[in-house]
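The values are calculated or read from the model by the stated rules, or taken from the named source; none is laboratory data. Since the model is a prediction, treat every value here as computed from it, not as a measurement. When we count neighbours, we look across all protein chains shown, and the Cβ atoms used for this are built from the backbone with ideal geometry, even at glycine.
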Amino acid sequence: MFDLLNAFALLQNREPNAVLLLVGDGPQKQAVLAMIEKERLTNVVWVGYQPYSQLPILYGISDVFIHPAHQECWGVSVNEAMACGLPIILSDMVGSGADLLDGNGMAYKAGNVAELAACIISLTQNHAGRKLISQRSLEIIEK
């Protein structure tokens, strides 16, 4: 999560209209909220835990799905995001990347905030390319 917040901090001035939507809850919540305040991150929306039935709505309003885990055996949320047609950005520590990342997004080395920021810029600024990548997510998850 902190990789993502640090990358968003790098992008904040360059992309003033970008919005970071954080979904979920957990033991790092207070540290994340403190970092958002300390770094004066604007346009960060934390919706907390959401029932499973609400997740497609949140995926539907998103341009890209990012899973910045430093340790994740699989990451079923990657499957869900792909089923909603999203391009994906995964750290190299998300296990599903080996099977699900194939022309439908990008991977970055966990902890490399500059690389993550570059991935975000690449996928969010290329609207035509993002549509093709979104279609690729659907093709992969269909199988």
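Here are the numbers for the structure shown:
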| read-out | value |
| --- | --- |
| Lone qualifier among Ile121, Ile89 - being under 27 Å from Gln135 (Cα atoms) and either surrounded by 19 or more Cβ atoms within 10 Å (Cβ to Cβ) or among the polar types (S, T, N, Q) (or both) | Ile89 |
| Counted residues, segment 6-17 - those being modelled with pLDDT of 95 or more and either touching a strand residue (DSSP E or B) at 6+ places or on another chain (Cβ under 8 Å) or farther than 21 Å from Ala69 by Cα (or both) | 1 |
| Leu10 vs. criteria under 21 Å from Ala118 (Cα atoms), of a type outside the set (Phe, Trp, Tyr) and not in a helix (DSSP H, G or I) | no |
| Selection count, segment 93-118, where residues are over 15 Å from Phe2 (Cα atoms) and exposed (fewer than 15 other Cβ atoms within 10 Å of the Cβ) | 4 |
| Subset of segment 12-36 (residues that are surrounded by fewer than 16 Cβ atoms within 10 Å (Cβ to Cβ) and either over 21 Å from Ile120 (Cα atoms) or in contact with a Leu (Cβ under 6 Å, 6 or more places away or on another chain) (or both)) | Asp25, Gly26, Pro27, Gln28, Lys29, Gln30, Ala31, Leu33, Ala34 |
| Residue in segment 16-27 that is touching a Phe, Trp or Tyr at 6+ places or on another chain (Cβ under 7 Å), more than 22 Å from Gly105 (Cβ to Cβ) and among the charged types (D, E, K, R) present | yes |
